[in-house]
Structures are given as C-alpha cells and as structure tokens.
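No value in this document is a laboratory result; all are computed from the given coordinates. If you're wondering where the values come from, they're calculated on a predicted model, not measured in any experiment. Neighbour counts are summed over all protein chains in view; Cβ atoms, including those assigned to glycine, are modelled from backbone coordinates with ideal geometry.
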Amino acid sequence: MGTLLLGKSVSNIKRATPFLKWAGGKGQLLKQIERLFPSRFNNYIEPFSGGGAVFFYLYSTDRLNDKKTILIDSNEELINCYLAIKKDVNKLIKILCSEKFVNTEEVFYEIRAEEPKDMFESAARTLYLNKTCYNGLYRVNSSGKFNVPFGRYRNPLICDVDNLETVHTALKNIKIVLGDFEKCLEYAQPHDFIYFDPPYQPISKTSSFTGYTKNLFNEKEQERLAELVQKLDKRKCKIMLSNSDNPFIEGLYKDYRIECVKARRSINCNGFNRGEINELVVMNY
C-alpha cells in the first residue's frame, strides 16, 4: 500500500520530474549524458541541486536504490521548496491550489512583493512565481529580491498535484542541505558519485546570467570549484561536472576527461538566440 496523499494511494512511483523550471536544467540533456554516468557508485551528492533533473532521473531509474543521497544548494527559496514538499506536501498543495494564487498580473505583483515567513506559504509563493513569471525564469537583484516580470501565460499549471506527490515520495529519504557547494566535503566518501551543475561561465559578454542568488558566480568561484574537484578527485570520488564550452573552463579541467554535448537554450530573452550550443561534461573516471 502506498502513501496516502489527498485521498489517493501513491504506490509504485516510477517518474518524478522537476517541480520548477530552472535555468540550465538538464532535462533536455539526459539522453546525451546518461551514457556518461558511472555504472557503479556508492552514494550520490549534488551540490548545485537546482531543479533536480539528474537526481529525479537517477531516482526514477532505480539507480539510487539503497544509496544515501544528498542535495545541496545555496538558494534559500529553492531549498525551502524541497523541504516543504518533503515535510508535508498536502499542506503545500492546499495552499497553492487556493483562490489566492490566480494567474493575473495584479495578483502576480502582489505576491511577488510578499515576504512570507511560513515555510509552506514561502514555497507556494516560489512555485506560483515560477509558473507565472516571464519564461519561468528565477532571477534576483543585488538585494536578493525576485525581480522577474509577469509572464502573461493563458493557463499555466500552477499546482501540478500529481508531480508534487511523486516528488514528495522521491524525497522521503533524501538529505536536503542549504549551503555552499563546498559543503559536499562534509559528506563525500571514496567512490561516491558527485554531479556538479554550477552557474555556467558566460560564453560572451552579453550572455552572462548568474542571478540565482544575490552572490554572483564569477571566475573566482569557478576556480574555487575547480580546486574542490581536485580535492574530491584525491578522495577517489567519481565526479561529473557540466559547464559551458569555452577556453577558460577547458583550462581549469584540462587534466580530466572532457566530452561535448549539444544543448538547446531554453531560457533567453531573445528568441532568436535559443539555438543549439556546445556544453562540456567533465569527468574524472
């Protein structure tokens, strides 16, 4: 018998998918990078959890059975969503499906201006804004305030009940951590699989987008991440890292195996720039 959620029995869950649209999400690349995942590993750690596409894929294909899984991210609103879904998805769904969260411009800006303190109200706000804002983009200003405009969608699915329930099931035994990517050093052990999907290094001066948190992810952060990869490599962890295809990133990881995959831009203010681009996948195995 599965877990009882909103009067329904949820059993034999096979497919949970990201509950947020997240810039740089790996959903579109899973078919290309699946062959690059290590065939065997101990536990799984994802220090830039984001929308969680890789985690949900590994979970849904039974590759995380009997493995400890740790999801880490420095975005407080994002981690709060994970924690709220894990703790009481029924409560979150009831709030999100209430009459308060309607798809109008007036309501959108009212909710965008709110600063709820309750974890479930905050998670509902984040999910609502993600589903109704322009292009599903998550961006904050230097003060950490969400500043994406209204999206003008006709009928967005604000509360995807079925998926939220499957995500709740997937997160049941998962450790969820708010923190910097270096936090993974506290958990990583030999033969653990660690997948890094950081904010990408810009491929041009006009393509920079690092506004997921108020702290910019610049070249110094990329270098700090590369140093962490070296430490984990010495610890005999199995590491995979995604980033943009440019000489700076290639230089940082020149001593590792690098493969190229094709990605399609899904979030760009200029529709003509939503074409295929190269991305790099770095591995130490």
When Arg235, Arg40, Arg125 are ordered from fewest to most other Cβ atoms inside 10 Å of their Cβ, what list results? Arg40, Arg235, Arg125
Whole-Hz ³J(HN,Hα) from phi, Karplus 6.51 cos²θ - 1.76 cosθ + 1.60, for the stretch 138-152, glycine and proline x: 10, 8, 10, 8, 5, 8, x, 9, 4, 9, 7, x, 4, x, 6
Assuming 1.306 mPa s and 10 °C, estimate D for the chain with Stokes-Einstein, Rh taken as the Kirkwood radius over Cα pairs, in µm²/s. 81
In whole Hz and in residue order, list the ³J(HN,Hα) couplings for the stretch 52-66 that follow from phi through the Karplus curve 6.51 cos²θ - 1.76 cosθ + 1.60, θ = phi - 60°; x for Gly and Pro. x, 4, 5, 4, 5, 5, 4, 5, 6, 9, 6, 7, 10, 4, 6
Around Cys237, which amide H atoms from residues at least 5 apart in sequence, or from another chain, sit under 5 Å from its own amide H, with H modelled in the peptide plane? His191
Quick one: what are the phi-derived ³J(HN,Hα) couplings along the stretch 20-27, Karplus 6.51/-1.76/1.60 with θ = phi - 60°, whole Hz, x for glycine and proline? 10, 7, 10, 4, x, x, 9, x
What list do you get for Tyr285, Tyr253 if you sort them by fewest beta carbons within 10 Å? Tyr285, Tyr253
What is the ratio of the Cα radius of gyration of the stretch 96-173 to 2.2 N^0.38 Å, where N is its residue count, to two decimals? 1.13
